[in-house]
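Reviewing the structure listed below.
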Amino acid sequence: MVSRGMIKEKKTALKPKVKSFKVRVTRVKKAAGLGKIMEEESFCDQLSLETQLIVKESCPNGIRFGIMFNILGSPQDGDHGIAAVALTTFLGSVSDERKL
């Protein structure tokens with residue numbers, strides 16, 4: 001049976017080898033340009049998140065503009081008061097939700 005002391009000794013003896021191996025792996029990655037690839041992947045992930053946030057913000061704006069155009073077009077369609085009031089009320093509720 002292997003004692004804890006023996007395991008600890010072996011672990012301690014392997015530490016310099018593991019460290020030198022990690023250093024060599026880092027050198028190989030740098031030589032192969034993998035560091036740049038990792039940076040580019042990180043940049044792409046960040047760009048994707050920013051794009052999602054922009055889309056998330058622009059969708060409510062599109063809805064609000066659509067409602068506004070319907071309010072402006074309601075007199076042309078013959079819906080003078082009822083549609084404009086309903087759409088204005090709906091626009092107010094959409095705008096209030098956005099402020100939260």
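Couple of notes before you dig in:
- Computed from backbone phi, the HN-Hα couplings of the stretch 57-62 come to 6, 7, 4, x, 5, x Hz, rounded to whole numbers (Karplus: 6.51 cos²θ - 1.76 cosθ + 1.60, θ = phi - 60°; Gly and Pro given as x).
- Total formal charge among the other residues, if their Cβ is under 12 angstrom from that of MET38, Lys/Arg +1 and Asp/Glu -1: -1
FYI, it's all coordinate maths here, none of it is from the lab. As the structure is a prediction and not an experimental result, all values here were calculated from the model. FYI the Cβ positions are ideal-geometry reconstructions off the backbone, even for glycines, and counts take in every protein chain you see.
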